[in-house]
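Where a number appears in this text, it was derived from the coordinates with a stated rule and is not lab data. Quantities reported herein were computed from a predicted structural model and do not represent experimental measurements.
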Amino acid sequence: MALQLDILEGPSKFDLMLAIFDGGSDRRREVTFTVAQRGHHAYREQIVTLIDGADREDGSSENWLIKGWHLVTPSQWKSIGGYYNTKTRRGWLAYVQVQ
């Protein structure tokens, strides 16, 4: 099972939109999520991500299935995917196996 992170705080809907639609291949907008390992909310960390896209999870315009990249080290990115609610700014992320 892939490591799943709970999103405790994330970007606004506007910042998420800019992360997806603004910038080119040479300059991308990063967004930061405050996350904790599932079940271990005492230890929180902020992770930097690039969001490549979002699909509607339902018809509310608040629930999204997101995909993108997490900056693990200054030169290493890992593929991520997950669920995000722009109203509560909570959800979850998991690492995705790239094939």
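List the relative contact order of the chain as a percent without decimals, with contacts defined as Cα pairs under 8 Å and 6+ residues apart. Could the numbers behind the result be given before it?
On the way: 213 pairs, mean separation 28.1, N = 99.
It rounds to 28 percent for the chain.
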Counting every C-alpha pair in the range 41-94, the percent lying more than 14 Å apart is 57 percent
What percent of all Cα-Cα pairs in the chain falls in each 10 Å bin, counting up from 0?
16, 52, 29, 3
